[in-house]
Amino acid sequence: MTGPRPPALPLIIPCVDIQSGRAVRLYEGDPDRETVYFESPLAAARHWAALGAGLVHLVDLDAATGRGENRAVIGQITADLGVPVEVGGGIRDREAAETLLQAGVLRVVIGTAAVKTPELVRDLIAAHGPERVVVSLDARGLEVATHGWAEGSGVSVAELTPVLAGAGLETLIFTDVTRDGTLKGLDRDLMRQVRQLWTNTLIVGGGVATLDDVRLLAEEGIQGAIVGRAIYEGTLAYPVTAL
């Protein structure tokens, strides 16, 4: 007689946050509180690819906050890495999204625009398929934050999830802004609430600090996490091969 099946191992996606052309991590999303891990974002992406990453998450922090953009660096990584990448940060219209998709990005990550102009998500999915469009909801509690987390939207995750499901969205990234980059670990109650609100593929966008957090994801049926500081600083060994 066999026992219960162990929970599936969540997918851990290394994150390369790009600010002023360097690979950094921010504390609670504050662009003025950065730690530089690699001078070259390409070197950072190659580091994780060499360790076995099957997908790398890139964020253009300057585009997200309106301070500039790092499209040339992102284009170089996309062309040279040999591993699929997804890209977020400042993608607020169809032209920006399609420029990245045509450049070879596996999928684009829509954040602020999904709150402000949700029809963009529907249009992109209709044109390119749900496998190439992801929405990232960054929130304090269950209130969505926009514009590089600088502004509260007054919109709740509970209001947006049915709209996004109706647009054909398959994969949602949820980030607890108050824990991103802090190594404080995940808030189980919040993760459970979001899991109940989104029944398709759910990826946690920040807050994973140790293997205990990966176990929490597995226990709550969350398919994966985008991880930065924890794997850069070694509080979570990468790759994760067992719970």
inquiry  = Yes or no: the stretch 25-47 includes at least one residue that is in contact with a strand residue (DSSP E or B) (Cβ under 9 Å, 6 or more places away or on another chain), aromatic (Phe, Trp, Tyr), under 23 Å from LEU172 (Cα atoms) and surrounded by fewer than 24 Cβ atoms within 10 Å (Cβ to Cβ).
reply    = yes
key: Selection from the stretch 21-59 of residues that are on the phi > 0 side of the Ramachandran plot and modelled with pLDDT of 90 or more   = GLY21, GLY52
query = What strands (runs of 3 or more DSSP E) lie completely within the stretch 4-110 and have 3 or more residues being touching a residue at least 40 places away in the same chain (Cβ under 8 Å)?
reply = 11-19, 22-27, 30-38, 56-60, 85-88
query = If you check LEU183 against the conditions, is it modelled with pLDDT under 95 and over 26 Å from LEU61 (Cα atoms)?
reply = no
ask   = If you go through the stretch 179-190, how many residues are under 15 Å from the mean Cα position of the chain (by Cα) and surrounded by fewer than 22 Cβ atoms within 10 Å (Cβ to Cβ)?
value = 1
task = Kindly indicate which of GLY207, GLY154 is outside any strand (DSSP E or B) and either touching a residue at least 60 places away in the same chain (Cβ under 8 Å) or not hydrophobic (A, V, I, L, M, F, W, C) (or both).
result = GLY207
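If you check LEU169 against the conditions, is it crowded, with 23+ Cβ neighbours inside 10 Å, of a type outside the set (S, T, N, Q), modelled with pLDDT of 95 or more and assigned to a loop (DSSP other than H, G, I, E, B)?
Yes, satisfied.
The values are calculated or read from the model by the stated rules, or taken from the named source; none is laboratory data. As the structure is a computational prediction, the values presented were derived from the model and not from experiment. Please note: Cβ atoms are built from the backbone with ideal geometry, for glycine as well, and neighbour counts cover all protein chains shown.
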